[in-house]
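Quick notes on the structure that follows.
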Amino acid sequence: MAQFFKIHPDNPQMRLIRRAAEIVREGGVLVYPTDSSYAIGCCIGDKAAMQRLRRIRQLDDRHNLTLVCRDLSEIASYAKIGNQSYRLLRNLTPGPFTFIHKATKQVPRRLQHPRRKTIGIRVPGNKIAQALLGELGEPIMSSTLILPGDALPLTDPQEIRRILDHAVDLVIDGGYCGLEATTVVDMVDDVPTIVRVGKGDVSLFEGKE
């Protein structure tokens, strides 16, 4: 049965944030709020937790998982970023964008796209997510909480708890945070290509492709 933490969206209770980080470190899978929608995540180095996440979402190994990072400096440890991409990320993070880049050697191979050797990266503006990332000291391996057969992410923490009660270890209720997934931008060739239109403003990329 999943634990359920109600955390204030503007002033996260650090006692609960610390316990949530412990659950992640112990191999737990959690649902947490971001600045676009709720996400499902786990520890970057835990193979079993990653496999649980993929089963819940029914994702194959060709689906790019996302490393949700605290800031741009942390991103640079996991993604190969050219000068043009760096300037773009500096202007758009934190924000509701996921950027696909070539992965560095610090990213476990099982997290990378098997053919392209890429990884999704993002920096959320949500205060709960930022507090959790700060406590963990490393990215959260994540995916938008869209269940198989659904077109949109789950948004109601109580409903999430009911549906995933025996599938995840923790649900963080951070209030309503939206129902749009992130806008996904492929930056592998240092030129932005829109892969998925979501909450992020795609007009910011006009004239850049």
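Separation of the range 150-187 from the range 28-67 is 11 Å, based on Cα centroids.
What is the range 3-54 by shape, rounded, prolate or oblate, if you read a ≥ b ≥ c off the alpha carbon gyration tensor as root eigenvalues and call it rounded for a/c under 1.5, prolate for a/b larger than b/c, and oblate otherwise? Judged from the Cα gyration tensor, the range 3-54 comes out oblate (a/c at least 1.5, b/c at or above a/b). If you look at the Cα atoms of the chain, you get an Rg and a Dmax of 15.9, 49 Å. What separates the Cα centres of the range 75-135 and the range 1-15 is a distance of 25 Å. Under 5 Å from the amide H of PHE4 lie the amide H atoms of VAL171, each residue being 5 or more positions distant or on a separate chain, with H modelled from the backbone and absent for Pro and chain starts. The trypsin sites (Lys or Arg not before Pro) of the range 102-209 that meet both conditions, a loop assignment by DSSP and at most 15 other Cβ atoms within 10 Å of the site Cβ, are LYS105, ARG115, ARG116, LYS117, LYS208.
Counting lysine pairs in the chain that sit 8 or more residues apart in sequence, or on different chains, and whose Cα atoms lie under 24 Å apart gives 16. Here's how it looks for ALA39: its modeled amide H is under 5 Å from those of TYR32, THR34, LEU145, which are all 5 or more places away or on a different chain. Every helix of 4 or more DSSP H residues in the chain counts as -39500 (n - 2.57), and over all residues that averages to -8000 deg cm²/dmol at 222 nm.
Just want to confirm a number: the relative contact order over the range 3-200, from Cα pairs under 8 angstrom separated by 6+ residues, in percent. Walk me through the intermediate numbers first.
Working: 430 pairs, mean separation 66.8, N = 198.
Value for the range 3-200: 34 percent.
Computed from Cα atoms, the angle from the helix 83-92 axis to the main principal axis of the chain rounds to 40 degrees.
We did not get these values from a lab; they are worked out from the coordinates using the rules stated. Since the model is a prediction, treat every value here as computed from it, not as a measurement. Here the Cβ is made from the backbone with ideal geometry for all residues, glycine too, and neighbour counts use every protein chain on show.
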